[in-house]
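To start, the structure under review is shown below, and the notes come after it.
The values are calculated or read from the model by the stated rules, or taken from the named source; none is laboratory data. These numbers were taken from a predicted model, which means no experiment stands behind them. A quick note on method: Cβ atoms are made from the backbone with ideal geometry, for glycine too, and the neighbour counts reach across all protein chains shown. To get the accessible areas, we keep the full protein, side chains included, count just its heavy atoms, and leave off ligands, DNA and RNA. Shrake-Rupley method; radii C 1.70, N 1.55, O 1.52, S 1.80 Å.
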Amino acid sequence: MKYKEGSEIRDAKAPSGPIEERWEKRKFSAKLVNPANKRKLHVIVVGTGLAGGSAAATLGELGYNVTSFCYQDSPRRAHSIAAQGGINAAKNYRGDGDSIYRLFYDTVKGGDFRARESNVYRLAQVSVNIIDQAVAQGVPFAREYGGLLDTRSFGGAQVSRTFYARGQTGQQLLLGAYQALERQVAAGTVTMHTRHEMLDLIVSDGRARGVIVRDMVTGEIERHVADAVVLATGGYGNVFFLSTNAKGCNTTAIWRAHERGAYFANPCYTQIHPTCIPVSGEYQSKLTLMSESLRNDGRVWVPLRKDDSRAPGDIPEQERDYYLERIYPAFGNLVPRDIASRAAKNVCDEGRGVGPGGLGVYLDFRDAIGRLGRDAVEKKYGNLFEMYERITGENPYDVPMRIYPAVHYTMGGLWVDYDLQSTIPGLFVIGEANFSDHGANRLGASALMQGLADGYFVLPTTIGDYLADGPYNDVDEEAVAAAELRVRDKIDRLLSVNGTRTPDSFHRELGKLMWDYCGMERTEESLRKALERIPELRAEFWQNVKVTGTAEELNQVLEKAGRVADFFDLAELMCLDALVRTESCGGHFRAESQDSDGEALRDDEHFAYVSAWERAPDGPVLHKEPLEYEYVKMTQRSYK
């Protein structure tokens with residue numbers, strides 16, 4: 001796949017000066033909209049997870065007119081509900097040395113020095129406000145004996161900064177945001193449209209001015225226009241077919257924005273989560289996450305010798321390899337996700353994996369139960385243990401869990417500036433849908449932090465700076481009609497193929513190709529193979545996909561087909577981005593770029609930049625945003 005390099009891109013909105021003062025400086029310099037004028041302004045928010053739900057609620061409370069869309073039956077069904085382990089915040093309740101600066105440093109280091117300093121420091125600053133907001137909404141965080149909020153450790157940190165609600169933190173935080181959202185729906189500031197899927201972006205006079213959506217029940221194509229559009233539609237991990245994401249998670253909204261002119265940043269940065277229930281057969285359509293919080297008390301190990309088929313209880317202590325504790329003594333089982341995932345892959349590649357096919361390692365709670373007692377472990381992780389037993393039929397109180405890495409989160413997404421605005425004026429992108437603050441690897445418990453920081457605190461300030469120049473001119477009817485026509489043409493095209501293969505069969509084949517060639521480990525050879533095979537598979541899709549039913553009804557096959565079509569295009573860009581970046585960093589591991597210990601070897605001289613891809617008629621254009629560090633020094637990551 002050919003590409004060319006374009007002009008350098010810079011984040012013109014990022015303030016200068018002392019890093020701890022930059023967010024306050026930006027807030028003060030942002031233009032304000034008075035309350036009476038807010039009522040005249042209209043904002044569309046697509047997505048109702050933690051980022052979208054909190055943004056719509058906050059914008060509504062500020063007085064804007066908000067229209068909110070989700071494709072689920074209810075905003076409560078957004079995938080944020082699946083997050084388990086916790087949310088980071090630099091409150092230092094434990095007095096264990098945490099601070100805003102330490103959270104900032106851990107995040108930059110954890111992201112392998114591929115994130116912006118200004119954005120990450122702001123995230124650490126805002127984190128302390130999120131917990132107060134959630135507590136005020138009634139989120140039932142765990143509490144310690146004295147009644148204060150409890151915290152626990154997570155990967156990539158040596159302090160306990162993760163607030164949690166057993167193993168259902170995402171669900172409880174989403175319910176808090178949902179209540180705030182529904183309050184604004186009742187107040188009339190937010191209009192809610194469930195079971196609606198965004199299928200195109202309306203760009204008029206160079207600005208994002210609305211969306212084309214499909215009513216998923218009736219099939220009706222609808223036009224909605226506004227003064228600004230906010231995308232909060234999550235990540236694209238389902239390009240791999242098997243992932244921890246809900247089956248409906250897709251890339252269509254951000255990919256359509258990319259087609260309309262929004263740059264796509266760092267698409268090759270995908271996170272492999274080390275703590276998932278292993279694949280059990282070809283019949284599976286998704287994988288199940290076991291919270292990273294389990295690595296607080298669970299010890300990861302494999303047998304010392306290859307092909308050891310004994311039951312875990314029959315393997316004596318001296319014949320076990322607690323490999324994370326051995327290789328990384330300073331962090332042990334709490335190394336970042338990318339490192340833990342690759343370490344699990346390595347021991348399984350050596351023939352020391354456990355379970356069917358040898359694709360698993362043990363996560364053992366024997367020592368924690370002996371030290372703390374079963375009741376204490378059950379209070380922390382009971383619902384996670386119950387979920388594991390229901391899925392596997394094994395009781396983790398009696399035998400170790402079996403886990404293996406799986407696709408989880410995507411650090412790539414639409415490029416945004418410090419204000420969270422994309423390269424299309426008026427299009428703001430928040431949460432996992434943007435290329436985020438996580439660099440090349442996200443630390444555990446930082447997804448919820450970023451989503452709520454964007455929605456509750458950052459976007460409501462920065463979008464006001466844009467909207468202060470509104471209301472804008474009437475939307476060009478031709479632009480709206482053209483967007484609607486594109487949607488109808490694509491639907492008609494999908495329905496007219498009438499081939500022999502289901503969308504799911506193509507999705508599964510694409511996902512396996514991506515996992516094999518652009519998964520935990522990539523090589524130039526594997527990526528070139530993928531870039532040869534993806535266009536062939538895409539061509540076959542458009543010649544042989546079978547979409548049953550019609551467009552004028554509930555048609556989940558049609559929905560899947562449209563999403564899979566977009567995954568083909570995204571997969572190609574992901575592989576191209578991975579091929580161009582010949583270094584290893586965080587979640588992007590090029591086998592050709594590793595040190596003598598097998599760790600990721602960065603190339604700061606040539607790759608200390610954000611890859612921002614523009615879609616052009618004659619092929620992708622790569623714009624580079626240089627990453628400059630004033631407050632942290634780029635060093636080779638070490639967790640030993």
task: Give, to the nearest whole percent, the P(r) tail of segment 1-108 beyond 22 angstrom, counting all Cα pairs.
output: 63
- prompt: Quick one: with all protein chains in place, what share of the accessible area of the chain is carbon or sulfur, to the nearest percent (1.4 Å probe)?
  reply: 48
message: I want the local charge near Glu182. Using Cβ-Cβ distances under 15 Å, sum +1 for each Lys or Arg and -1 for each Asp or Glu among the other residues.
response: +1
field: Cα-based reach from Lys31 at 28 Å (exclusive), listing lysines while leaving out same-chain residues under 8 positions away
entry: Lys13, Lys40
field: the chain: relative contact order as a whole-number percent, Cα under 8 Å and 6+ apart
entry: 21
query: With respect to the cross-link table entries Lys4/Lys512; Lys306/Lys345; Lys4/Lys624; Lys286/Lys512; Lys247/Lys286; Lys490/Lys529, which display a Cα-Cα separation exceeding 18 Å?
result: Lys4/Lys512; Lys490/Lys529
query: To the nearest 20 debye, what is the magnitude of the charge dipole of segment 483-640 about its Cα centre, counting +1 on the Cβ of each Lys and Arg and -1 on the Cβ of each Asp and Glu?
result: 520
With at most 16 neighbouring Cβ atoms within 10 Å, loop GluC sites (Glu not before Pro) (DSSP) excluded, longest segment of the chain: 395-551
- prompt: chymotrypsin sites (Phe, Trp or Tyr not before Pro) within segment 106-147: which are DSSP loop residues with at most 12 other Cβ atoms inside 10 Å?
  reply: Tyr145
- request: Measure of size requested: the Rg and Dmax of segment 104-178, with Cα atoms as the atom set and Å as the unit; please supply both.
  value: 13.8, 40
message: For the chain, take the longest principal axis of its alpha carbons; what is the angle in degrees between that and the long axis of helix 374-392, to the nearest 10 within 0 to 90?
response: 70
task: May I ask for the angle, rounded to the nearest 10°, between helix 100-110 and the longest principal axis of the chain, with both axes built from Cα atoms and the value confined to 0 to 90°?
output: 80
task: Over every pair of different alpha-carbon atoms in segment 209-345, take the mean of 1/r and invert it; report that Kirkwood radius in Å.
output: 19.0
Farthest positive-ward along the chain dipole, Cα basis, beta-carbon charges - from Gly313, Asn544, Tyr263: Gly313
- prompt: What ³J(HN,Hα) values, in whole Hz, does the Karplus curve 6.51 cos²θ - 1.76 cosθ + 1.60 give for segment 560-570 when θ = phi - 60°, with x put for Gly and Pro?
  reply: 4, 4, x, 6, 5, 4, 6, 4, 4, 5, 5
- prompt: Suppose R0 equals 25 Å; then what is the FRET efficiency for Val399 and Asp132 from their Cβ-Cβ distance, rounded to the nearest 0.05?
  reply: 0.05
message: Compute the angle between helix 117-136 and the longest alpha-carbon principal axis of the chain, please, reported from 0 to 90 degrees and rounded to the nearest 10.
response: 90
Relative counts (whole %) of C-alpha pair distances in segment 357-446, using bins that are 5 Å wide: 3, 11, 16, 14, 11, 10, 10, 9, 8, 6, 2, 0
message: So for segment 513-640, considering every pair of alpha-carbon atoms, how many percent are separated by more than 19 Å?
response: 61
query: Ranked highest first by the average count of other Cβ atoms within 10 Å around their residues, in what order do 354-363, 272-281, 333-342 fall?
result: 333-342, 272-281, 354-363
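Given Cβ point charges of +1 (Lys, Arg) and -1 (Asp, Glu) and nothing else, what value in debye, to the nearest 20, does the dipole of segment 282-396 about its Cα centre take?
240
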- line: With the charge dipole of segment 435-518 built from beta-carbon charges (+1 for Lys and Arg, -1 for Asp and Glu) about the Cα centre, the Cα from Ala447, Thr462, Thr500 projecting farthest to the positive end belongs to Thr500
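Going from most exposed to least, what order do Lys38, Lys286 have by accessible area with a 1.4 Å probe?
Lys286, Lys38
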Using distinct alpha-carbon pairs, which all enter the 1/r mean, Kirkwood radius of the chain in Å: 24.9
- prompt: Which value does Rg/Rh take for segment 573-640 over its C-alpha atoms, Rh per Kirkwood?
  reply: 1.02
- request: Select from segment 183-238 those trypsin sites (Lys or Arg not before Pro) which occupy a DSSP coil region and have at most 15 other Cβ atoms within 10 Å, ordered by residue number.
  value: none
query: Under unit Cβ charges (Lys, Arg +1; Asp, Glu -1), what dipole magnitude, rounded to 20 debye, does segment 51-174 have relative to its Cα centre?
result: 160
- prompt: Does segment 462-545 come out rounded, prolate or oblate, given a ≥ b ≥ c as the square roots of the eigenvalues of its C-alpha gyration tensor, rounded meaning a/c under 1.5 and, failing that, prolate meaning a/b above b/c?
  reply: oblate
query: How big is the gap, in Å, between the Cα center of segment 307-323 and the Cα center of segment 1-80?
result: 51
- prompt: Dipole of segment 535-630 (Lys/Arg Cβ +1, Asp/Glu Cβ -1, origin at the Cα centre): which of Phe607, Val621, Leu558 lies farthest to the positive side?
  reply: Leu558
field: Where the chain is the region considered: accessible area per residue in Å², 1.4 Å probe
entry: 38
